[in-house]
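**Student:** Quick one: this structure, given as structure tokens, is what I'll be asking you about.
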Amino acid sequence: MTYARYTVNDVMTKNVIAITRDTEFKEIAACMKQWKVTAVPVIEGEGHVVGVVSEADLLPKEEFHGHRIGLIEQMYRPGDTAKAGAVRAEELMTSPAITVNPDVPLPQAARLMADQRVKRLPVVDADGNLKGIVSRADLLKIFLRSDDDLAAEIRHEVVDRLFPASHQNVKVSVTRGVATLTGRIHDATLIPVAARLAQSVEGVVNVDCRLESQASA
């Protein structure tokens, strides 16, 4: 059995609520409340993503409500003060949108979220058309894999391949996502490699590598 690498397509939400450039402020707020989301992609045409409106984009309306915006605020917070007077998605959205393709590996998507400091990413095809949305919570779904599934992948993808001559001497167990490798192998230099490869199996929380060299027996 060959274990495929998990990608954004495996965990993303495919039924996505989207709005258009002309969607008005109150409708956006109502949409977020109804569907319990904190951001919505803005699309045009056949679904081309042109931006994203998040709760953060809506908050300046409340922050500056009943408050006369001064020149200093306009100077130091031009984006927020402009959004305080916005009434449509086109004026509120962050554009261009930070997006990701369905075939991107999960670690890469996680790094993109961290680097860009966003909580979710619209998922688009090669033409930029909306196919889904992936959130931080979606990326964490990979840690719901069963212990048995994780142990089987570590056994097949790491132990059997790394130690073809002594794989039968290696025991793999996984408890609550923590993988433990025990046994004796021929080449001690491969022990840290085994630990690193086991840790790279998606869904593994941690690795306790107790492998020893047969030479030390």
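Every read-out reported here was derived from the displayed coordinates using simple, explicitly stated rules and does not represent laboratory data. Since the structure is predicted, the reported quantities are computational estimates derived from the model, not experimental observations. Positions of Cβ are generated from backbone atoms using ideal geometry, with glycine treated the same way; all protein chains shown enter the neighbour counts.
**Student:** Calculate I(q)/I(0) for region 97-217 by the Debye formula, one identical point scatterer on each C-alpha and no solvent, and give its log10 at q = 0.09, 0.18, 0.20 Å⁻¹ to two decimals.
**Tutor:** Per q value, in the given order, log10 I(q)/I(0) is -0.35, -0.88, -0.98.
**Student:** I'd like the Karplus ³J(HN,Hα) series for region 145-159: coefficients 6.51, -1.76, 1.60, θ = phi - 60°, whole numbers in Hz, and an x wherever there's a Gly or Pro.
**Tutor:** The phi angles translate into 4, 6, 4, 5, 5, 5, 4, 5, 5, 4, 4, 6, 8, 10, 5 Hz.
**Student:** Hey, another quick one. Give me K131, K36 ranked fewest to most by other Cβ atoms within 10 Å of their Cβ, as a rough exposure proxy.
**Tutor:** The order, fewest Cβ neighbours first, is K36, K131.
**Student:** In cubic angstrom, how much convex hull volume per residue do the alpha carbon atoms of the chain span? Walk me through the numbers on the way to the answer.
**Tutor:** Values: hull volume 35.2 nm³, N = 217.
For the chain, the hull spanned by Cα atoms encloses 162 Å³ per residue.
**Student:** Taking amide H atoms as placed 1.01 Å from N in the peptide plane, list the residues 5 or more away in sequence, or in a different chain, whose amide H sits under 5 Å from that of I43.
**Tutor:** Those qualifying (amide H under 5 Å, at least 5 residues apart or on another chain) are I19, T20, R21, V50.
**Student:** First obtain the Kirkwood hydrodynamic radius of region 147-217 from its Cα pairs, then insert it into the Stokes-Einstein equation at 25 °C and 0.890 mPa s, and state the resulting D in µm² per second as a whole number. Write down the numbers at each step before the final one.
**Tutor:** On the way: Rh = 11.7 Å.
Calculated translational D: 210 µm²/s.
**Student:** What's the exposure ranking of V40, V124, V87, going from fewest to most Cβ atoms within 10 Å? Walk me through the intermediate numbers first.
**Tutor:** Numbers: V40 25, V124 22, V87 11.
Ascending number of Cβ neighbours within 10 Å: V87, V124, V40.
**Student:** While we're on this one: Helix-only estimate, please: 222 nm mean residue ellipticity of the chain, summing -39500 (n - 2.57) across DSSP H runs of length 4 or more and dividing by its residues, to the nearest 500.
**Tutor:** It comes out at -8500 deg cm²/dmol, rounded to the nearest 500.
**Student:** Treat the count of other C-beta atoms within 10 Å as a stand-in for reagent exposure and order F163, F143 from fewest to most.
**Tutor:** Working: F163 20, F143 12.
Placing the least packed residue first, the sequence is F143, F163.
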